[in-house]
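Here is the structure we will look at.
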Amino acid sequence: MTPPASNFLQRARVLTRDLRHRDLIQTALGKYEVKRDEMKARFQDWEGARAAAAAIKAEAIGRLDQHLETFAARLEARGAKVHWAPHAEAARQIIVGICRDRQARTIVKSKAMTAEEIHLNEALEGAGFEVVESDLGEFIVQLRGEAPYHIVFPAMHLTRGEIRDLFARKLGDAPSDNPEELTMVARRVLRQKYLAADMGITGANFAIAETGMISVTENEGNARLTAALPRTMITLVGIEKVLPRLADLALFLPMLATVGAGQLLSGYNTLYGGPRQPGEPDGPEEFHVVLLDNQRSAILADPEQRDALHCIRCGACLNVCPIFRHVGGQTYGTTYPGPIGAVITPHLRGLQEWKHLPFASSLCGACTEACPVKIDLHHHLLQHRRNARAQRPVWWEKLAFRAFAAVVNHPALWRLSLALGRLGQKAHGLVRGTRLDPAYAWTQSREMPRLAPQSFKQWWRQRSANRAGRDAGTGPDAAGP
Ligand code: SF4
């Protein structure tokens, strides 16, 4: 099997040169940025809202065990069944087991990144169930047999024409590339699936400890149908989704809509508190909630990176990340792409195998600035780099840094290296862009940074000499470097 780092490099090499892909993503994210900024401006104090959200998440995660117990007890008091899944395999077994016990055949599913994380669809399909994604973007990528491109916009890498061709091929129905008509095609297919489904599976945006309720926010109404029509509903929730109080949603729902999709509020915001109660006209007869740990406790035990559990999966850090915007979401080969993916994937799947993700960053800090809950993302990337090298030092890096330290600590060596560097730069100019260029892979798509023609000291000395000469009426005007 190809190592994840090689896969990442191969895919990134292709996509960074794909101008069509770049144009598509930049256009989509350009529109998103305009709407996001309009909505942010509606907050009286956006920075104050971020600070409040970070404090609430810190409170929730700081007493996670108590909040989870309260959440589970309140939910079970209304007839729901709560399952605790320490890892992905346990969660898959619980869900497949419920589906088998109910003799289900068709399962409709609304968007759930936790389900992607544990490869739930593959497990259910492997056990003989038909699984249909009901979110339009997820439905499209499922038809293509690929993973979502983005946490919030799973099919943002596709044009209308590509979706029309896909529907024509897979569904035999694609009247035009008009988005409304294409949506109607998907809707007709999905309505039949809802009616036939024995089981509905959803994710959760938040789990409210105070009331024992699941909060789901969406724009298509598909999660509501997924919950309301089948007889059995299963919700898969990462344990970090807890919020202490119902009132916290007053901040988190508009915040998530603002940075997630540039909306004031999502179209549908629903709370689920258990199975259908006597006298209620709809809702599932059975309601199961699977609480997924899957290494979240290990993140909780890491005092440096605990705040990664504050993530509300809004996707804002992906949208501003220069790496994500060039290499695209599927290049990461992980459930969670972009900066948050580079922080949590090494926890979920192992630091040594996934350390290339923290290294694939310019450390510009745009992600940290964009994060509504103030996760210190770019510092966590640095910590992963440090930890990865501390676990497995790389001899040539150590040697290189020792040499660098020696050079910068000895002025004569420093001057010599600058002189050699300038000479090397001139020589490089003769072969740049040819096969003789030792930096060919780099200069094919980027400019080689140039050394300044003189050092600051040389420039300062020359400037002082020029000034002295000018004051004496003999020298030229001082010139900058
Ligand atoms: S890390 Fe922050 S910006 Fe990124 S998805 Fe999570 S909450 Fe959103």
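If you place +1 on the Cβ of every Lys and Arg, -1 on the Cβ of every Asp and Glu, and leave all else neutral, what size is the dipole of the stretch 395-470 about its Cα centre, to the nearest 20 Debye? Magnitude of the dipole: close to 440 debye.
Relative to the longest principal axis of the Cα atoms of the chain, the long axis of helix 377-391 lies at roughly 80 degrees.
Among the protein heavy atoms of the chain, carbon and sulfur supply 56% of the accessible surface, probe 1.4 Å, non-protein parts ignored.
Note on the stretch 122-238: with charges restricted to the Cβ of Lys and Arg (+1) and Asp and Glu (-1), its dipole about the Cα centre is near 280 debye. Quick check for you: with a 1.4 Å probe and neighbouring chains kept, what is the accessible area per residue of the chain, in Å²? Counting only protein heavy atoms, the per-residue value for the chain is 49 Å². With just the Cα atoms defining each centre, how far is the stretch 282-322 from the stretch 212-256? Give it in Å. Taking the Cα centre of each part, the stretch 282-322 and the stretch 212-256 sit 13 Å apart.
Using the Cβ-Cβ distance between Arg144 and Ser455 with R0 set to 45 Å, the FRET efficiency works out to roughly 0.25.
Relative protection proxy for 68-74, 253-259, 1-7, from highest mean packing down: 253-259, 68-74, 1-7 (other beta-carbon atoms within 10 angstrom).
Seen from Gly48, the other residues with C-beta closer than 14 Å to its C-beta sum to a net charge of +2, counting Lys and Arg as +1 and Asp and Glu as -1.
The values are calculated or read from the model by the stated rules, or taken from the named source; none is laboratory data. A quick note: this is a predicted structure, and the numbers were derived from the prediction, not measured. In this analysis, Cβ positions are derived from the backbone assuming ideal geometry, glycine residues included, and neighbour counts consider all displayed protein chains. Remember, those area values only see protein heavy atoms, side chains included, never the ligands or the DNA or RNA. Shrake-Rupley method; radii C 1.70, N 1.55, O 1.52, S 1.80 Å.
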